[in-house]
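> What follows is a single structure, and I will ask about it in a moment.
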Amino acid sequence: MVLYWFELKKLLASAAVWGFLAACLLFNMIVVIVQGHDDYADVVGAVSKETGVVLDDAFHERLLRAASGGGLSAHQLERLQHETRGVTDVFDGYETRTIAERYVAAAGITGWFAEAMRDKYAALQKAVDAKAKRDESLTLYFAGSTHARHQFLFDTLTGWLITEGALVAVLLVLLSAGYETIHRTGHVVYATKTGREVLRPKLAAALTAGIGAYFVLAFATFLVHLGLSEYGSVWNSSVSSLFNYRIDFVAGLRPFVTWHSFSVLTYGLAMIGAGAALVLCFSLIAFGIGLFVRNGYLAFLVFLIANATAVVLPIQIPHAAEAVLAAKYAAMLLPVWLWLKHGIWFTDGDIDIIWPHFETVGLCVSLAAAAASRLLAARHFRKRNLS
């Protein structure tokens, strides 16, 4: 435990790390101020405190009372009434098999892969039917501003946070793994009683600092965003509101369907939690690379090249042999692909995904593989000549 605290203090004493964190926060502030403002969304959020978020008859009565109390202008009242009056549940009669058939046809897949795609959407149909029974789509969210605010919050802003968190965490683990090499203290440290077992407190300290940095970035960024925006009772809206939708270039415009029932709040917490798990995956991978590659700058370059290769190769794989195609679909579970697809986490995914709950499956597989690679790297390090 003493070594853990010493290693953690070394990382926290790095001015470069704090400088990078400050730059990330400044960038996030600019993104929030420039892209995060939406007057109408703020009006809807403020009014939702009085109207609630369930679109029933009582909602319209409360809306009129809110307008009479000065909470809405005439134009805003007219717009909100137009958007919410006479709405129907988008999940009533909605069939997901058409998505599967369009994906199968567009991808040109056959056999097991085509059946796996159809099975995924057969399973999704059960989730859709359950949402229809609960009238999940008949909630306010941000009314006509829902899609833009949702994309900003859970695609743009969350995407930047995961990217920054991963970069900070990777820099920290590489700094920890290569600290003795940088300061030429390896022969002294590794000759002690603890010796090369110091890798354990090093990794624990690096992971603590990396995940902690991610949560600090997320907390500070959302604190500013929420300070400049009005959410009111919108947190209780279903993320699968009828106002939320996905722009799918293959299957067309379609509802935002999640496997489970999420409110805006619980979806946000799930996204942040999954982001932390993804940051952990990248950290473990980077630590393993740092044990193989002594130079920290070169190790970071190897990390970037490895992830870039994991992105490019699946795109270049033709629809040929089943084994090759299986590798392409398996690649969608890699951390870098999970990062690229963060905007559709907890949904059915897209044409490249044949796995239900792909983000959960991918994170579990990636964490297991990253942990195994770290053990192999540690084994190699224990036998490596230090000279």
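The values are calculated or read from the model by the stated rules, or taken from the named source; none is laboratory data. Treat the numbers as computed from the prediction; the structure is a model and nothing was measured. In this analysis, Cβ positions are derived from the backbone assuming ideal geometry, glycine residues included, and neighbour counts consider all displayed protein chains.
> Name the residue, out of W5, W18, that is surrounded by fewer than 19 Cβ atoms within 10 Å (Cβ to Cβ) and within 17 Å of A169 (Cα to Cα). Steps first, please.
Working: W5 fails: within 17 Å of A169 (Cα to Cα).
Among W5, W18, only W18 is surrounded by fewer than 19 Cβ atoms within 10 Å (Cβ to Cβ) and within 17 Å of A169 (Cα to Cα).
> Considering only segment 95-108, I want to know if a residue exists there that is crowded, with 17+ Cβ neighbours inside 10 Å, within 17 Å of H260 (Cα to Cα), touching a residue at least 40 places away in the same chain (Cβ under 8 Å) and among the β-branched types (V, I, T).
yes
Condition check ((1) within 21 Å of the chain's Cα centre (by Cα); (2) on the phi < 0 side of the Ramachandran plot; (3) surrounded by fewer than 18 Cβ atoms within 10 Å (Cβ to Cβ); (4) in a helix (DSSP H, G or I)) across all residues:
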| site | (1), (2), (3), (4) |
| --- | --- |
| L278 | yes, yes, no, yes |
| F300 | no, yes, no, yes |
| V311 | yes, yes, yes, yes |
| L325 | no, yes, no, yes |
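> Contact list please: Cβ distance under 8 Å, first residue in segment 17-29 and farther than 11 Å from A213 by Cβ and in contact (Cβ under 8 Å) with a residue 40 or more places away in the chain, second residue surrounded by 13 or more Cβ atoms within 10 Å (Cβ to Cβ) and aromatic (F, W, Y), pairs at least six apart or on different chains.
The qualifying pairs are F27/W160; N28/W160.
Yes/no per residue for (1) under 21 Å from V279 (Cβ atoms); (2) under 16 Å from the mean Cα position of the chain (by Cα); (3) modelled with pLDDT under 75:
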{"residue": "Y329", "(1), (2), (3)": "no, no, no"}
{"residue": "L333", "(1), (2), (3)": "yes, yes, no"}
{"residue": "L338", "(1), (2), (3)": "yes, yes, no"}
{"residue": "H357", "(1), (2), (3)": "yes, yes, no"}
{"residue": "G362", "(1), (2), (3)": "yes, yes, no"}
{"residue": "S366", "(1), (2), (3)": "yes, yes, no"}
{"residue": "A371", "(1), (2), (3)": "yes, no, no"}
{"residue": "H380", "(1), (2), (3)": "no, no, yes"}
{"residue": "N385", "(1), (2), (3)": "no, no, yes"}
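> Quick one: which helices (runs of 4 or more DSSP H) sit completely within segment 167-270 and have at least 2 residues that are modelled with pLDDT of 90 or more, out of contact with any His (no Cβ under 9 Å at 6 or more places or on another chain) and within 20 Å of A286 (Cβ to Cβ)? Step through it out loud before you land on a result.
On the way: elements: 179-183, 186-189, 199-228.
So the answer is 199-228.
> Quick check on segment 340-350. Is at least one of its residues in contact with a strand residue (DSSP E or B) (Cβ under 8 Å, 6 or more places away or on another chain), in a loop (DSSP other than H, G, I, E, B) and either of a type in the set (F, W, Y) or under 24 Å from A372 (Cβ atoms) (or both)?
Taking segment 340-350 and keeping what is in contact with a strand residue (DSSP E or B) (Cβ under 8 Å, 6 or more places away or on another chain), we get 344, 346-347, 350.
From what's left, in a loop (DSSP other than H, G, I, E, B): 346, 350.
Keeping just the survivors that are either of a type in the set (F, W, Y) or under 24 Å from A372 (Cβ atoms) (or both) gives 346.
Yes, segment 340-350 contains a residue that is in contact with a strand residue (DSSP E or B) (Cβ under 8 Å, 6 or more places away or on another chain), in a loop (DSSP other than H, G, I, E, B) and either of a type in the set (F, W, Y) or under 24 Å from A372 (Cβ atoms) (or both).
> Select, from A107, A122, A66, the only residue that is under 26 Å from I351 (Cβ atoms), out of contact with any Phe, Trp or Tyr (no Cβ under 7 Å at 6 or more places or on another chain), at pLDDT below 90 and not acidic (D, E).
Details: A122 fails: at pLDDT below 90; A66 fails: under 26 Å from I351 (Cβ atoms).
Just a single option satisfies the conditions, and that option is A107.
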